[in-house]
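To start, the structure itself, in structure tokens.
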Amino acid sequence: MDAFFASVEQRDDPTLRGKPVAVGGSRDRGVVAAASYEARKFGVRSAMASKIAAQKCPQLIFVHPNFEKYKTVSNQVMEIFHRFTDLVEPLSLDEAYLDVTENKMNIPLATDIAKEIKRLIKEETNLTASAGVSYCKFLAKVASGFKKPDGITIVTPKNADAFIEKLPIEEFYGIGKVTAAKMKERGIHKGIDLKRYELNELVDMFGIKAGNYYYEIARGIDERLVHNDHIRRSIGAEETFETDIDDIDSMKNHLDEISDDVLRRCNKNESFGKTITLKIKYKDFVVNTRSKTFDHFISTKEELLTIVTDLLLTPEMPLKPIRLLGISVSNLNTDPETKIDNRIKSLQLKLELNFDI
């Protein structure tokens, strides 16, 4: 989807159309969750501090996010995807991989499917989407961002090498800013430069997993399948404060509210975890996380709040003003690894009981 959150707000509020809009934060606090294309012309981007965004674009309009509304629209879009294939792998509310090798409409060309999906999204949601069409996830993902907004880019096996070789290294999906900077120090500016390195060289520079990945995508190789069985690995909530807080009572009050949000989401998903993580972002944007793992699943407000309060004070109370607090729960009872571990423990218990008998 094109500038999803901002586009939904512009669709629903005519006074915002054609104007630079930032969803999230305020002129002095917070972080931009999404920016309209009008705002992007000034260099405003998602995950940018709101204060910096306002400096780049003084006329920027900040809109409070409405995630329930975005989720409703997302469900509409995902439903359109499922009319064509059940192999839909969401990456977020506004993006997904689709495997249309075999599709419900029996349309022979993936490009035609992409065009029809874009048409239906526009017709049913009054929003635009951009599509990338290719033979593997990596190329489809990169191509989807090439002709935004309302674009479509096709990368065939025949033109894949040329596409990759011209691709700036910072536009490779899976290569972040830090890694891109390291690559540029070694003279790797485009795909053709990355392709010159042998596998053992990339492994030495970036490790086994990343080295193998970079070696393969530079050659258009990506054998990952599209999976429609997305598994939630963690559940959490966080809050950015209007003004920095530095007293323990305020911190505890906010943790109380965030705990309510986390447990509500846990109950909704019927997922509870053994690992609790407290996230602390200080006034200077330095982030600190503190975690603790238990031998049982945390499912009550009283226990969760006790744990995060203890984490707040251990090894010491935060020494700097705080701009954000967050709580996340992981090692969930819905994780495949946890389920297997629970089955093993259950089996061990049965064996011990049988032995005692």
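Buried (at least 18 other Cβ atoms within 10 Å of the Cβ), touching a Phe, Trp or Tyr at 6+ places or on another chain (Cβ under 8 Å) and part of a helix (DSSP H, G or I): is that true of residue 121 in this structure?
When the stated conditions are applied, residue 121 does not pass them.
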Among (1) surrounded by 15 or more Cβ atoms within 10 Å (Cβ to Cβ); (2) out of contact with any strand residue (DSSP E or B) (no Cβ under 9 Å at 6 or more places or on another chain); (3) modelled with pLDDT under 95; (4) assigned to a loop (DSSP other than H, G, I, E, B), the one test that residue 146 misses: (2)
Residue satisfying condition, being within 15 Å of residue 214 (Cβ to Cβ) and of a type in the set (A, V, I, L, M, F, W, C), within set 146, 138, 163: 138
For the list (1) closer than 30 Å to residue 89 by Cα; (2) among the hydrophobic types (A, V, I, L, M, F, W, C); (3) in the same structural domain as residue 168 (by TED's automatic domain parsing), I need the number of the one condition that residue 181 fails. (1)
Which one is surrounded by the fewest Cβ atoms within 10 Å (Cβ to Cβ), of the residues in segment 52-69 that are at pLDDT below 95 and part of a loop (DSSP other than H, G, I, E, B)? 64
Starting from segment 268-280, take each residue that is in a helix (DSSP H, G or I) and list its partners that are β-branched (Val, Ile, Thr), counting only C-beta distances under 8 angstrom and pairs at least six apart or across chains. 269/235; 269/334
Restricting attention to segment 201-237, report how many residues are over 21 Å from residue 165 (Cβ atoms) and either modelled with pLDDT of 95 or more or in contact with a helix residue (DSSP H, G or I) (Cβ under 8 Å, 6 or more places away or on another chain) (or both). 9
Residue among 3, 49 that is in contact with a strand residue (DSSP E or B) (Cβ under 9 Å, 6 or more places away or on another chain) and closer than 29 Å to residue 244 by Cα: 49
State whether the residues of segment 293-312 include one that is surrounded by 14 or more Cβ atoms within 10 Å (Cβ to Cβ), within 21 Å of the chain's Cα centre (by Cα) and either within 30 Å of residue 52 (Cα to Cα) or not assigned by TED's automatic domain parsing to the domain that holds residue 251 (or both). no
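Restricting to segment 281-330, name every residue that is part of a strand (DSSP E or B) and of a type in the set (D, E, K, R). Don't jump to the end; show me each part of the working.
Applying the first criterion (part of a strand (DSSP E or B)) to segment 281-330 yields 281-282, 287-298, 322-330.
Correct list: 281, 290, 292, 295, 323.
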Tally up the residues in segment 11-51 that are surrounded by fewer than 22 Cβ atoms within 10 Å (Cβ to Cβ), at pLDDT 95 or above and outside any loop (DSSP other than H, G, I, E, B), please. 8
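Would you mind finding the one in 77, 100 that is among the aliphatic types (A, V, I, L, M) and part of a helix (DSSP H, G or I)? Can you show your working first?
Numbers: 100 fails: part of a helix (DSSP H, G or I).
Exactly one residue qualifies, and that residue is 77.
The values are calculated or read from the model by the stated rules, or taken from the named source; none is laboratory data. Given the structure is predicted, the values throughout are model-derived calculations rather than measurements. Reconstructed Cβ throughout: ideal geometry from the backbone, glycine too, with neighbour counts over all protein chains shown.
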